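Novice: Before we start, here is the structure in question, set down as structure tokens.
What follows draws every value from the coordinates through simple rules; no lab data is involved. Note that the coordinates shown come from a computational prediction; the quantities given were computed from them, not determined experimentally. Cβ placement follows ideal geometry from the backbone for every residue including glycine, while neighbour counts extend to all protein chains displayed.
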Amino acid sequence: MVGCCVIGCKSRGDAHFVSFFRIPQTTSNPQWTQLSIDRRTLWLERIGRSGDTISDNLRVCSRHFVSGMHRTERISLIVDWPY
């Protein structure tokens, strides 16, 4: 069962109206490399984890986003990153 990796959050995959999102990976595309690094770093800071404690299985639930889901646009100034 999927669970939220944010420390102190008890959300699980059986909760209604809760979605789960993977922590962003960095990209090798030169156009977006720095933004992807910045985005991943911000996610890790906001959820209280470091890069060495992250696996591909960890998810952040929709309760930690302003709109209830993450943003995928490659824009640096957006609010829907985890809080």
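Novice: Expected output is a single nm value to one decimal: the length gained when fully extending between residue 38 and residue 55, i.e. 0.36 nm times separation in residues minus the C-alpha distance. What is it?
Specialist: Length difference between fully extended and current span is 4.3 nm.
Novice: Something else about it: Which trypsin sites (Lys or Arg not before Pro) does segment 1-46 hold that lie in a coil by DSSP with at most 12 other beta carbons within 10 Å?
Specialist: For trypsin sites (Lys or Arg not before Pro) across segment 1-46 that sit outside H, G, I, E and B with at most 12 neighbouring Cβ atoms in 10 Å, the list reads 10.
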